[in-house]
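Peer 1: One structure is given below, represented as structure tokens, and several questions about it will come after.
The values are calculated or read from the model by the stated rules, or taken from the named source; none is laboratory data. Nothing here was measured: the structure is a model prediction, and the numbers come from that model. Heads up, the Cβs are rebuilt from the backbone with ideal geometry, glycines too, and the neighbour counts pull from every protein chain shown.
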Amino acid sequence: MDLKTIRLITTGGTFDKQYDAVKGELTFRESMIPRILSQSRVTLPVHLDSLLAVDSLVMTEEERMSIVHNALASVEKMVVIIHGTDTMVKTAKLLEGNLPEGDSHVFVFTGAMIPYSLENSDAVFNLGCALTSVQLLPAGVYITMGGVVYKADDVRKNKEKGIFEYV
């Protein structure tokens, strides 16, 4: 089987945050994706595109549209987007609403509730699910969190429970 390249777009979110001992807060430095791919022994061809490093709660509509345009312009047909969980559904729905008719891309959003840099993070598992899902799903826009794959218009984040669930 000929392995096709997957585009992996990072936009920030909890996934890539690291604890800054001086400021006493979680901040962005460098993407953890290369380290995770190496640690997980991923052999898939991956094109990493570090587009943004922002918390999705402060993401502007211009930044959100930048994600949409970048994803749609991808020459790779399999695209994983690392995004903050608080507004991931909003961006996924925006992308879905801007899909040209007959678009053949598979877009899979994922993120993390706990940063990769902290103990008990779900980042590695969620990325693994996204990398597998993007290879198996038909064209469309999806979100995978906690081992479940959702259609973009069929999911919400339950902030009280700290999980994603079907609408």
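Peer 1: Can you confirm whether Ser121 is in a loop (DSSP other than H, G, I, E, B) and surrounded by 16 or more Cβ atoms within 10 Å (Cβ to Cβ)? Spell out the reasoning first.
Peer 2: Working: in a loop (DSSP other than H, G, I, E, B): yes; surrounded by 16 or more Cβ atoms within 10 Å (Cβ to Cβ): yes.
Taking the combined requirement at face value, the residue satisfies it.
Peer 1: Could you please find all residues in segment 42-57 being at pLDDT below 90 and out of contact with any helix residue (DSSP H, G or I) (no Cβ under 9 Å at 6 or more places or on another chain)?
Peer 2: First, pick out the residues of segment 42-57 that are at pLDDT below 90: 50-57.
Scanning segment 42-57 gives a single hit, Leu57.
Peer 1: With Ala71, Ala112 as the choices, which residue is more than 18 Å from Thr5 (Cβ to Cβ), crowded, with 17+ Cβ neighbours inside 10 Å and of a type in the set (A, V, I, L, M)? Show your work before the answer.
Peer 2: Values: Ala71 fails: more than 18 Å from Thr5 (Cβ to Cβ).
That would be Ala112, the only listed residue that is more than 18 Å from Thr5 (Cβ to Cβ), crowded, with 17+ Cβ neighbours inside 10 Å and of a type in the set (A, V, I, L, M).
Peer 1: Now, a different point. Say whether the condition of being surrounded by 15 or more Cβ atoms within 10 Å (Cβ to Cβ) and under 12 Å from the mean Cα position of the chain (by Cα) is met by at least one residue in segment 147-164.
Peer 2: Step one: filter segment 147-164 for residues surrounded by 15 or more Cβ atoms within 10 Å (Cβ to Cβ), giving 149-152, 155, 157, 164.
From the residues that got through so far, the ones that are under 12 Å from the mean Cα position of the chain (by Cα) too are none.
There is no residue in segment 147-164 that is surrounded by 15 or more Cβ atoms within 10 Å (Cβ to Cβ) and under 12 Å from the mean Cα position of the chain (by Cα).
Peer 1: Got a number for residues in segment 17-41 being at pLDDT 65 or above, surrounded by 15 or more Cβ atoms within 10 Å (Cβ to Cβ) and among the hydrophobic types (A, V, I, L, M, F, W, C)?
Peer 2: Looking only at that region, the number is 4.
Residues checked against (1) among the basic types (Lys, Arg); (2) part of a helix (DSSP H, G or I); (3) free of Cβ contacts under 8 Å to residues at least 12 places away in the same chain; (4) on the phi > 0 side of the Ramachandran plot:
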site	(1), (2), (3), (4)
Glu96	no, yes, no, no
Gly102	no, no, yes, yes
Met113	no, no, no, no
Ser117	no, no, no, no
Phe125	no, yes, no, no
Ser133	no, yes, no, no
Tyr142	no, no, no, no
Val149	no, no, no, no
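Peer 1: Got a number for residues in segment 5-16 being more than 16 Å from Gly84 (Cβ to Cβ) and at pLDDT below 85?
Peer 2: Here the count works out to 0.
Peer 1: Counting only residues that are among the aliphatic types (A, V, I, L, M) and under 13 Å from the mean Cα position of the chain (by Cα), which one in segment 78-94 is nearest to Ala53 (Cα to Cα)?
Peer 2: Narrowing segment 78-94 to residues among the aliphatic types (A, V, I, L, M): 78-82, 88-89, 92, 94.
Subsequent filtering for residues that are under 13 Å from the mean Cα position of the chain (by Cα) retains 78-82, 88-89, 92.
Numbers: Met78: 21, Val79: 18, Val80: 16, Ile81: 12, Ile82: 10, Met88: 14, Val89: 18, Ala92: 17 Å.
Among them, the one singled out is Ile82.
Peer 1: Tally the residues that are out of contact with any Pro (no Cβ under 9 Å at 6 or more places or on another chain), at pLDDT below 95 and not aromatic (Phe, Trp, Tyr), restricting the search to segment 112-141.
Peer 2: Residues of segment 112-141 that are out of contact with any Pro (no Cβ under 9 Å at 6 or more places or on another chain), as a first pass: 112-120, 122, 124-141.
With at pLDDT below 95 added as a condition, the list becomes 112-120, 122, 124.
After this cut, where a residue has to be not aromatic (Phe, Trp, Tyr) as well, the list is 112-115, 117-120, 122, 124.
Going through segment 112-141 one residue at a time, the tally reaches 10.
Peer 1: Turning to a different aspect of this structure: Given the criteria touching a strand residue (DSSP E or B) at 6+ places or on another chain (Cβ under 6 Å), surrounded by 19 or more Cβ atoms within 10 Å (Cβ to Cβ) and among the β-branched types (Val, Ile, Thr), does Val106 qualify? Reasoning before the result, please.
Peer 2: Numbers: touching a strand residue (DSSP E or B) at 6+ places or on another chain (Cβ under 6 Å): yes; surrounded by 19 or more Cβ atoms within 10 Å (Cβ to Cβ): yes; among the β-branched types (Val, Ile, Thr): yes.
Spelling it out, Val106 is indeed touching a strand residue (DSSP E or B) at 6+ places or on another chain (Cβ under 6 Å), surrounded by 19 or more Cβ atoms within 10 Å (Cβ to Cβ) and among the β-branched types (Val, Ile, Thr).
Peer 1: Something else: I'm trying to understand the selection: among the residues of segment 56-74, which are touching a strand residue (DSSP E or B) at 6+ places or on another chain (Cβ under 8 Å) and more than 16 Å from Met88 (Cα to Cα)?
Peer 2: To start, the set of residues in segment 56-74 that are touching a strand residue (DSSP E or B) at 6+ places or on another chain (Cβ under 8 Å) comprises 56, 59, 63, 66-67, 70-71, 74.
Of everything in segment 56-74, just one residue is touching a strand residue (DSSP E or B) at 6+ places or on another chain (Cβ under 8 Å) and more than 16 Å from Met88 (Cα to Cα), namely Ser74.
Peer 1: Same structure again: Among the residues of segment 53-73, write down those that are of a type in the set (Gly, Ala, Ser) and within 15 Å of the chain's Cα centre (by Cα).
Peer 2: We begin by selecting, within segment 53-73, every residue of a type in the set (Gly, Ala, Ser); these are 53, 56, 66, 71, 73.
Ala53, Ser56, Ser66, Ala71, listed by residue number.
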